[in-house]
Amino acid sequence: MGEMNKPAFNAAADHPGKTSTADRIKEMIRVDHAGEYGAVRIYEGQLAIFRNLPHKKEITESLTRMAAEEEEHLDRFNKLVNDRQVRPTALNPLWHLGGFAMGAATALMGEKAAHACTVAVESVIDEHYQRQIDELSELETETDLRETIIQFREEELAHKQEALEAGAEEAPGYPVLSNVIQSICRAAIRASEKA
């Protein structure tokens, strides 16, 4: 369908049960806040395993740097949650435990599995952020939010590329591990939008 024939952004039509674009924007902020929180917890779980192992200095430095970027993302969404009076997801306690557990479990499986976790998570986030960018591009407002998501998507893609270069696809059982993590992430996104 050509750009001229593209239907206008309609939150109520695109998201049954929602009555306004404002509600959809709140959903976006809520789920992105939850996602960045979960990402921080994944890195905390991985670093809890690797940080005290002297022979894991390289991956520890890499994960520490990526975790710092995720903290910046979370700080930005914390501000948006407060400024826009968006209710955070009620599932944050689950993401607190689940994110850390996913990070620690993949780290215990080894460096390549930890990198595989990053690739799987960032693949889902790439798709998710791109959908939001597409939605927000149809609005004349929310330029700042769209630019934030564009920037964060690029940084997440850099994390994915770094993990691929570090051998993520060489992790034992990579296809299964990747599919399981991606399925968990997609379910978390759907749940966090509403809950």
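The values are calculated or read from the model by the stated rules, or taken from the named source; none is laboratory data. All of these numbers come straight from a predicted model, not from anything done at the bench. All Cβ positions, even for glycine, are placed from backbone atoms using ideal geometry, and neighbour counts span all protein chains on display.
Residues are listed down the side, and each one gets a yes or a no for (1) at pLDDT 95 or above; (2) within 11 Å of Arg41 (Cα to Cα); (3) touching a strand residue (DSSP E or B) at 6+ places or on another chain (Cβ under 7 Å); (4) not β-branched (Val, Ile, Thr):
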residue	(1), (2), (3), (4)
Glu61	no, no, no, yes
Arg76	yes, no, no, yes
Lys79	yes, no, no, yes
Val86	no, no, no, no
Thr89	no, no, no, no
Note on region 166-183: residues within 10 Å of Val124 (Cα to Cα) and either outside any helix (DSSP H, G or I) or in contact (Cβ under 8 Å) with a residue 24 or more places away in the chain (or both) are Ile181, Gln182
Subset of region 63-107 [in a helix (DSSP H, G or I), touching a residue at least 60 places away in the same chain (Cβ under 8 Å), crowded, with 20+ Cβ neighbours inside 10 Å and out of contact with any Leu (no Cβ under 9 Å at 6 or more places or on another chain)]
Met66, His73, Trp95, Gly99, Met102
Might you check whether a residue that is outside any helix (DSSP H, G or I) and more than 21 Å from Ile25 (Cβ to Cβ) occurs anywhere in region 134-152?
no
Of the conditions (1) of a type in the set (D, E, K, R); (2) modelled with pLDDT under 95; (3) more than 28 Å from Glu138 (Cα to Cα), Lys26 satisfies every one except a single condition; which number is it?
(3)
In this structure, is Arg186 among the charged types (D, E, K, R), within 12 Å of the chain's Cα centre (by Cα) and modelled with pLDDT under 95?
yes
